[in-house]
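Following: one structure in structure tokens, then a few remarks.
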Amino acid sequence: MSICPECGSEFLSGVTRNGRTNSYCANCRNKIYTRRYTASEGGQIQSKKRRKTLRGITTKHNYNHSLKGKITSQKYRQSEKGRAARLRARTKRRVTLGVVASTLTAEEWREIKKQYQYRCVYCGQKLSLTIEHAVPISKGGTHTKNNVVPACFQCNSRRGNNPNLLQLLAV
């Protein structure tokens with residue numbers, strides 16, 4: 001039996017692969033190795049990759065948020081082709097809103113935000129709120145007071161056109 005100099009607990013000291021005896025208990029050994037590895041350059045690169053993987057960020061997302069990606073996107077948006085694409089997207093949205101029942105007024109939207117205390121219906125934070133359709137317009141929903149809730153941009157984007165409201169409320 002040996003005593004760990006890190007935590008002071010007793011442990012069975014075994015022989016390592018290279019013939020040395022263990023000076024630390026298994027828990028402390030793992031903590032030390034983790035500290036050493038993350039302090040090294042390779043560990044920092046690995047931990048960055050792991051964080052990005054855990055958050056589910058794709059390579060495209062990283063590129064669009066890099067300086068080079070932002071400059072490229074800005075140039076595209078200012079080009080004739082980029083302006084045409086934005087115009088098509090705006091026109092498509094206006095046409096879609098024109099086809100469905102659209103009776104939501106600015107006053108009703110203010111009342112809805114006040115009813116939810118100016119908080120996102122999904123995460124509850126007081127951020128800049130966007131109009132979120134409970135049943136998406138693309139799925140046959142309407143642009144009326146009964147089908148609209150306030151959501152922050154992040155939650156609204158995450159939900160996409162999924163009509164299930166309870167999916168994010170549980171998060």
Open item on the list: Just to be sure I understand, how many residues within segment 94-132 are outside any helix (DSSP H, G or I) and either in contact (Cβ under 8 Å) with a residue 40 or more places away in the chain or within 15 Å of His143 (Cβ to Cβ) (or both)?
Closed with: 12
Open item on the list: For segment 144-171, give me the residue count where each residue is within 18 Å of Arg93 (Cβ to Cβ), surrounded by fewer than 18 Cβ atoms within 10 Å (Cβ to Cβ) and at pLDDT 80 or above.
Closed with: 3
Open item on the list: Tell me whether segment 9-23 contains one or more residues that are part of a helix (DSSP H, G or I), surrounded by 11 or more Cβ atoms within 10 Å (Cβ to Cβ) and either in the same structural domain as Thr130 (by TED's automatic domain parsing) or at pLDDT below 80 (or both).
Closed with: no
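Conditions tested, residue by residue: (1) of a type outside the set (Gly, Ala, Ser); (2) on the phi > 0 side of the Ramachandran plot; (3) at pLDDT below 85.
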site	(1), (2), (3)
Gln44	yes, no, yes
Lys52	yes, no, yes
Gly56	no, yes, yes
Thr72	yes, no, no
Leu87	yes, no, no
Arg93	yes, no, yes
Glu108	yes, no, no
Ile112	yes, no, no
TODO: Just give me the residues in segment 107-138 being over 28 Å from the mean Cα position of the chain (by Cα) and within 16 Å of Val149 (Cβ to Cβ), in sequence order.
DONE: Glu108, Glu111
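The values are calculated or read from the model by the stated rules, or taken from the named source; none is laboratory data. Everything numeric here is computed off the predicted structure, so don't read it as measured data. All Cβ positions, even for glycine, are placed from backbone atoms using ideal geometry, and neighbour counts span all protein chains on display.
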